[in-house]
Amino acid sequence: MADEHQQRRIAEAAALSTQLSEQGLETSPALEAWLAADPEHRRIWERRTQTWSLLESQKNSPELLALRQRALGDLQRMGSRRWNHGAWKWRATAAAVAVLAVMVTWSWYVVTPHTYRTRAGELRVVTLPDSSRVHLDASTEVRVSYSDNARKLSLLKGQARFEVARDVMRPFSVLAGNRRVVALGTVFNVDLLEQELRVTLIEGKVMVLDQGARADPGRVPARDIELAPGQQLKVAPAGKEEVILADVQRAIAWESGKLVFDDEPLAQIVTRVSRYSQQPVTVADAHTGALRMSGVFEAGDVTTFVETVKDYLDVEIEQRDGGFLLKRSQ
């Protein structure tokens, strides 16, 4: 139980740190209230501050720069003597190359945001320099921006599963729509379906913060939500929130090429199906899009999908612009 309380405190500190970073502030009423609520909160926050102050002060130190130069020199010398020394030299060279690669890659990520995209039907796994992994669904776009004290990602469209490498001093967060998901060592799935958002927690803990009030000062922010494993947060286009027990295997079935729908509106189903095919599928009107259905389909098999919809919902299929238009039967 003590470990759970400590993990919760650390998660709360990470969420507060992310909020301050987003707003460019050093403190806030929310942080001051959190610090005053428990002496342990202040100790956690001070440890975080001290650690990152130390890292910040050392990142461009002569010692670290000299270490980098020395590693390069060692590699050059090892390369020139590689035929006169034993196999251990090759192992040493490989180790030095690995260390140097991590250092160079990390510096590159810190100064340069990166965007990863997938095409229709393409799945991709990206390993980030801190060993976090991002599993991108088809027709998905994720932007990654790392800094010395934060790991910020944005899901611009589509769906992705995030496996977060634990680093309590450097929060990992994903912005999707107007919600920011803050995680520690965690596995979670985020699905941005037009204006609807679904966050499914598979392992660990996450805090979901409302970012919409920043863009609209007159808007009352939604409450921060902490999810437990097996829970899913659904945010409707109008902002209505709902936390439900999730079928985790269904939520990540896309990774094995399956699309699972359970009494969902046809408009949402069509949007998901279209991620996997160059043949666009559209609905003719809102009335057709509101029809609901369930089923399991193979990703990319659009022909079987539209034929099933035709039989299941009694809609007409019209071929148009290389794709399919679904409309209610007359």
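The values are calculated or read from the model by the stated rules, or taken from the named source; none is laboratory data. None of the values given here were measured: they were computed from a predicted structure. In this analysis, Cβ positions are derived from the backbone assuming ideal geometry, glycine residues included, and neighbour counts consider all displayed protein chains. Note: accessible area is taken over every heavy atom of the protein model, side chains too, but ligands, DNA and RNA are not part of it. Shrake-Rupley method; radii C 1.70, N 1.55, O 1.52, S 1.80 Å.
Of the residues making up segment 281-314, those that are of a type in the set (A, V, I, L, M, F, W, C) and over 27 Å from A251 (Cβ atoms) number 1.
Residue-wise test of (1) open to solvent by less than 20 Å² (accessible area, probe 1.4 Å); (2) farther than 16 Å from D130 by Cβ; (3) in contact with a Ser or Thr (Cβ under 7 Å, 6 or more places away or on another chain).
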| position | (1), (2), (3) |
| --- | --- |
| N178 | no, yes, no |
| V181 | yes, yes, yes |
| T186 | yes, no, no |
| L193 | yes, yes, yes |
| P229 | no, yes, no |
| L233 | yes, yes, no |
| A236 | no, yes, no |
| I244 | no, yes, no |
| W254 | yes, yes, no |
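Would you check which residues across segment 311-327 are within 17 Å of P265 (Cβ to Cβ) and either open to solvent by 90 Å² or more (accessible area, probe 1.4 Å) or hydroxyl-bearing (S, T, Y) (or both) and list them? Result: Y312, D314.
Within segment 133-160, restricting attention to residues that are farther than 26 Å from L259 by Cβ and within 11 Å of the chain's Cα centre (by Cα), the residue that is most open to solvent (accessible area, probe 1.4 Å) is K152.
In the set (1) in a loop (DSSP other than H, G, I, E, B); (2) open to solvent by 40 Å² or more (accessible area, probe 1.4 Å); (3) within 22 Å of F188 (Cα to Cα); (4) not aromatic (F, W, Y), Q279 fails one condition alone, (3).
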